[in-house]
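**Student:** Have a look at this one.
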């Protein structure tokens, strides 16, 4: 009996330990489920496509179109030109299909009216392969449900366009198909997708990247590299011959959200505009290779013509820096700073500049 008693005690102790571990395990699993449920309810919308923020490198909301089109972009373009595989597109929230058809300029396009937080929100999903979906007008969709695949670039599925998703969103349920608005004022009828996702708890900030003249628009004229800060993008205007660095967040056009502006001129020496008052000039070195530069504190003269197709802050007193790679006849680049831009960010962009040819 003396030998049995310690064994019984040991069995009881082990049972209690095992029971405790089991109860702890159940509690841990319950906690994990609660955290998962909380996480799933944190955002009432989802992104319509994978890598939304990372691949929004061309034609973000409010950018001015190139010469072949007319107006300002009413949505975001998410680029997949480097992907051959099928790319699924998802419903951002529960909703009802309002239109699902082939439309000139888009190829396949689906319009869905969503109800989100008591609001009626309509979203446009453009450049789809219509044959990849069984959805029809009037069908219900669920948040996160795959609605189609992207169309193949250069085919009728995208109406000859590149492989990308055009995503646009606005309040109400009127049917809009246009991808551009002819005036900056008309953009206020649309919701900036960046702000829309942020409102519902999704981080749509793009990572910082370097402007690459080999790949980015405008590289034939602007043979330079420079930092595009996080949550910014760059707009090229071929008619005005400018590169506009703008914040992705905010209402209105990319020009109205401008932070830094690049222009250029070809000359044999530094030049100044007769339309501006120069308050101060300083010589300095900038960029990765210490380019010769001049820093101007300038202000447009009263009565002088406005800077055509440039942001409104160019009419105010601001800093502009001209720089060149070499002496003699050369391409001079000019970088102008929004007076409200943080100086530290501006200095980071200046330090990143490299003239590649």
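**Student:** According to the square roots a ≥ b ≥ c of the eigenvalues of the Cα gyration tensor, what is the shape class of the stretch 209-355, taking rounded for a/c under 1.5, prolate for a/b larger than b/c otherwise, and oblate for the remainder?
**Tutor:** Because its axes are fairly even, with a/c under 1.5, the stretch 209-355 counts as rounded.
**Student:** Only one of the values (i) 119; (ii) 149; (iii) 226 was calculated from this structure for volume of the Cα convex hull per residue in Å³; name its label.
**Tutor:** This structure yields the entry labelled (iii).
**Student:** Rg (Å, one decimal) plus Dmax (Å, integer) for the alpha carbons of the stretch 33-176?
**Tutor:** Values for the stretch 33-176 (Cα only, Rg and Dmax): 15.1, 53 Å.
**Student:** Which residue, 328, 95, 172, has the most motion in a Gaussian network model of the chain that connects Cα atoms within less than 10 Å?
**Tutor:** 328
**Student:** What residue among 198, 93, 267 shows peak mean-square fluctuation when the chain is described by a Gaussian network model with Cα springs under 10 Å?
**Tutor:** Greatest mean-square fluctuation among the candidates belongs to 267.
**Student:** Test of understanding: what is the full-extension gain from residue 82 to residue 317, defined as 0.36 nm times their sequence separation minus their Cα-Cα distance?
**Tutor:** Extending this stretch completely gives an extra 80.3 nm.
**Student:** What does the C-alpha gyration tensor say about the overall shape of the stretch 178-266? Classify as rounded when a/c is under 1.5, otherwise prolate if a/b is larger than b/c, or oblate.
**Tutor:** Verdict is oblate for the stretch 178-266.
**Student:** Could you tell me the convex hull volume per residue, in Å³, taken over the Cα atoms of the stretch 240-294?
**Tutor:** 150 Å³
**Student:** Could you please rank 202, 248, 175, 58, placing first whichever residue has the fewest other Cβ atoms within 10 Å of its Cβ?
**Tutor:** Going from sparsest to densest Cβ surroundings: 175, 202, 58, 248.
**Student:** Okay, next question. Applying 1/(1 + (r/R0)^6) with R0 = 35 Å to the Cβ-Cβ distance of residue 266 and residue 155, what FRET efficiency is obtained, to the nearest 0.05?
**Tutor:** 0.30
**Student:** Here's another thing I want to ask about it. Which residue, 91, 223, 168, has the most motion in a Gaussian network model of the chain that connects Cα atoms within less than 10 Å?
**Tutor:** The residue that fluctuates most here is 223.
**Student:** If neighbour count is taken as other Cβ atoms inside 10 Å, put 233, 221 in order from fewest to most.
**Tutor:** In increasing order of surrounding Cβ atoms, one gets 221, 233.
**Student:** Right, here's the next one. Fully extended, how many nm does the chain gain between residue 304 and residue 96 (0.36 nm per residue separation, minus their Cα-Cα distance)?
**Tutor:** My answer for the length gained is 69.6 nm.
**Student:** Here is a further query. Mind ordering 274-282, 318-326, 130-138, 252-260 by average Cβ neighbours within 10 Å, highest first?
**Tutor:** Output ranking for 274-282, 318-326, 130-138, 252-260: 252-260, 318-326, 130-138, 274-282.
**Student:** Report the gain in length on full extension from residue 290 to residue 273: 0.36 nm times residue separation, minus Cα-Cα distance, nm rounded to one decimal.
**Tutor:** 3.7 nm
Only the coordinates and a few stated rules stand behind these numbers; no lab work does. What you see is a predicted model; the values in this text were computed from it and never measured. Note that each Cβ is placed from the backbone with ideal geometry, even for glycine, and that neighbours are counted across all protein chains shown.
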